[in-house]
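The values are calculated or read from the model by the stated rules, or taken from the named source; none is laboratory data. Computed from a predicted model, the values in this text were never measured in an experiment. Cβ atoms come from the backbone with ideal geometry, glycine included; neighbour counts cover every protein chain shown.
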Amino acid sequence: MVTPAAPPDLAVRVGTVSLKNPVLSASGTFGYGLEFAPFYDISRLGAVIVKGLSLLPSPGNAPQRIVETAAGMLNAIGLQNIGVERFVAEVAPRLEEAGAVFVANIYGRTVDEYEAVARRLSDLPALAAIELNASCPNVKEGGILFGSSPHGLSGLTRRVRAATAKPLWVKLSPNVADIGSMARSAEDAGADAVSLINTIVGMAVDHKTRRPRLANVTGGLSGPAIKPVALRMVWEACRAVKIPVIGIGGIQTAEDALEFLLVGAAAVQVGTANFRNPNACVEIIDGIRDFLVREKISRLEEYRGGLLS
């Protein structure tokens, strides 16, 4: 009788955070995680990264806020959210009850607000990490200003690092000249990991009405269109820093995720694909497992970072 082979080990580590697999939901594309519970057991994910949280509730930008593009979408939601207090009281307990590993993405209009949100979230024992949004391109103040220069990013990261003992991941903007220097600035300021990329600034216009299609005029481009840019920047960041790099940008399939892992990403985040297919994350997990079985690879870590020159 042939003993069936053990399933491959998909476990990864992002700094001090242990995850059962490398597939995470990207903030802003997965609500607070609970919205996807009717589709599958959200504890199957490596982690749920919740919608960006601010100190006070925010209505976000005025509509029109989403526009489909030829290979993705533009969004100018503007970080609409319920605020940190309601998240702590109402959402976090339900995520914990569901058995999900969860990470809070945070945003502030000022450094003081970032610090205040981080301190409040530090009171949540079940919270795995804080992701610092220093890179949102569809708001008129706040993150994009801090994340557009090494000096600004470093200052923000140091302040938030001092405000919390939670693992701190810094989400980087692609709208910069040198992603490697930005990643190093975050690392030097105390980040435990960097996640990249956030959306790329873009716009759409209606040639008939002669008006912008987004009320905000510009917004963040995401989806398959940005994947080659994201893959290149993740590769550069992995070569620039020693801390883990989490890859984001246009990941639709297991093959896409494997490419980011191959260039060195410790984990990946799935974003826009969730709008098209609510089961995208779990299908990607299953696809990674199937690939490792076919290739007779027993541990994902044997494959990760193995890009041949």
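Taking the stretch 16-58, which residues are over 23 Å from residue 254 (Cα atoms), surrounded by fewer than 22 Cβ atoms within 10 Å (Cβ to Cβ) and of a type in the set (Gly, Ala, Ser)?
58
Name the residues in the stretch 290-309 that are over 28 Å from residue 240 (Cα atoms) and surrounded by fewer than 17 Cβ atoms within 10 Å (Cβ to Cβ), would you?
Once the filter is applied, which keeps residues that are over 28 Å from residue 240 (Cα atoms) and surrounded by fewer than 17 Cβ atoms within 10 Å (Cβ to Cβ), the stretch 290-309 yields 290, 293, 294, 295, 296, 298.
So which pairs qualify, if the first residue must be in the stretch 294-309 and closer than 12 Å to residue 12 by Cβ, the second must be surrounded by 15 or more Cβ atoms within 10 Å (Cβ to Cβ), the Cβ gap must be under 6 Å, and the two must be at least 6 apart or on different chains?
That search, which allows pairs on different chains as well, returns 299/9; 300/10; 303/297; 304/261; 305/264.
Residues that are among the β-branched types (Val, Ile, Thr), touching a Ser or Thr at 6+ places or on another chain (Cβ under 7 Å) and at pLDDT below 95: does the stretch 116-139 have at least one?
Among the residues of the stretch 116-139, not one is among the β-branched types (Val, Ile, Thr), touching a Ser or Thr at 6+ places or on another chain (Cβ under 7 Å) and at pLDDT below 95, which makes the answer no.
Please go through the stretch 96-115 and pick out each residue that is of a type in the set (A, V, I, L, M) and either assigned to a strand (DSSP E or B) or closer than 28 Å to residue 22 by Cα (or both).
98, 100, 101, 103, 104, 106 - these are the residues of the stretch 96-115 that are of a type in the set (A, V, I, L, M) and either assigned to a strand (DSSP E or B) or closer than 28 Å to residue 22 by Cα (or both).
Out of contact with any helix residue (DSSP H, G or I) (no Cβ under 9 Å at 6 or more places or on another chain), modelled with pLDDT under 95, exposed (fewer than 14 other Cβ atoms within 10 Å of the Cβ) and not in a strand (DSSP E or B): is that true of residue 93 in this structure?
Taking the combined requirement at face value, the residue does not satisfy it.
Quick check on my filter: what residues within the stretch 36-53 are part of a loop (DSSP other than H, G, I, E, B) and either touching a strand residue (DSSP E or B) at 6+ places or on another chain (Cβ under 6 Å) or within 17 Å of residue 272 (Cα to Cα) (or both)?
Residues satisfying the conditions are 39, 45, 46.
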